[in-house]
Structure formats: C-alpha cells, structure tokens
Amino acid sequence: MTVSYNKVQPEELHKLGLKQTPARLGVLKILENQTSPLDALTIHSYLREKNLKTDPATVYRILDVFYQKGIVSRFELEEGKFRYELTAEDHHHIVCESCGKIEDVSDCEVDKVEKQIKMRKRFLVKRHSLQFYGVCASCQG
C-alpha cells in the first residue's frame, strides 16, 4: 500500500521505524518545498546549502529507504538517474525535451484504464508510471 504525503511530520518517521536524523529531516523538508521531482545529487546540494553535512551515499540510502517505506515516489525520466518526490495522489509528468522543465499532470484518466485491465486481464495494478515528453510552451517560440 502506498502512503500519500503532502507533508511528512517528523513523528511519522518514528511510526515507520525510522530515526529522525538531521539528514532525513532535511531531505523531507527539501522535497516538501519542491514542485517537481529532484535527483539525489540536487538534494545533496540543497542539504549542503543548509549546512547539513552529509555525503551523496547517505542521501542515496535515505531516498532508497524512503522509497521502500512509501514516503517518496521514484521516477526515471530517460536521464540515466532517478528523481524523487513525496508520494502523493496519482499523477503524471510532462517533460520538456528542450529545457528539461518537469510539470505534474493530475487530470489524467489512467484510473479508468487500470479498472479495464483489472476486469479484462484479471490483473491488479499496484503502481504505474506515465510521462509525456515534448516541448513546453516557452521553448516552442
């Protein structure tokens, strides 16, 4: 089951069996304030800007644990790296192939497709990922 988080309270980490370390709390804070998914090295850079001394390997481990616990969602947007965001309602992304801008698309009717898959194929979809690639309005001209 995926948990939906708009904002993760520090005590929720404890409920999930995780210690409230400064690095974990810092990662949560950074992700709460973002409007698009971030990669681990960008998160690491933000932590350093906030004077939280940690190394990239620690950030990767934190993100992996958060992913396993359902706190964050992980996306691979054809860049050769994962991007992360707090787990939220099902939504999808549009990615500009020119400038790299990523935006959410939440008014998609994939839930109807999932129901059809369940009925026609007797297959229970647990999760899915959908990205649209193209050129944003700014890059079009």
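Brief remarks follow.
- For Leu77, residues with placed amide H under 5 Å, excluding near neighbours: Arg83
- Simple spin-label estimate for Cys99 and His14 in nanometres, 7 Å along Cα-Cβ: 4.4
- At most 16 other Cβ within 10 Å, DSSP loop - trypsin sites (Lys or Arg not before Pro), the stretch 53-141: Lys53, Lys81, Lys101, Arg122, Lys126, Arg127
- Ranked list, fewest to most other Cβ atoms within 10 Å of each Cβ, for Ile71, Ile30, Ile94: Ile94, Ile30, Ile71
- Computed FRET value (nearest 0.05) for Asn33 with Val125, which takes r as the C-beta separation and R₀ as 30 Å: 0.45
- Translational diffusion coefficient (Stokes-Einstein; Kirkwood radius from C-alpha pairs) of the stretch 92-140 at 25 °C, 0.890 mPa s, in µm²/s: 197
- When each of the peptides 39-48, 132-141, 9-18 is scored by how many other beta carbons lie within 10 Å of its residues on average, the order from highest to lowest is 39-48, 9-18, 132-141.
- Pairs from the list Lys81/Lys101; Lys15/Lys101; Lys50/Lys101; Lys19/Lys50; Lys101/Lys126 with a Cα-Cα gap above 26 Å: Lys15/Lys101; Lys101/Lys126.
- Across the stretch 66-71, coupling constants 3J(HN,Hα) worked out from phi with the 6.51/-1.76/1.60 Karplus curve, θ = phi - 60°, read 4, 5, 4, 7, x, 6 Hz, and Gly and Pro carry x.
- Computed from Cα positions, the angle between helix 22-32 and the longest principal axis of the chain comes to roughly 30 degrees.
Just so you know, all these numbers are worked out from the coordinates, no wet-lab data involved. This structure is a prediction, so every number in the text was calculated from the model and none was measured. Because the Cβ atoms are built from the backbone with ideal geometry, glycine has one as well, and the counts that use them run over all protein chains shown.
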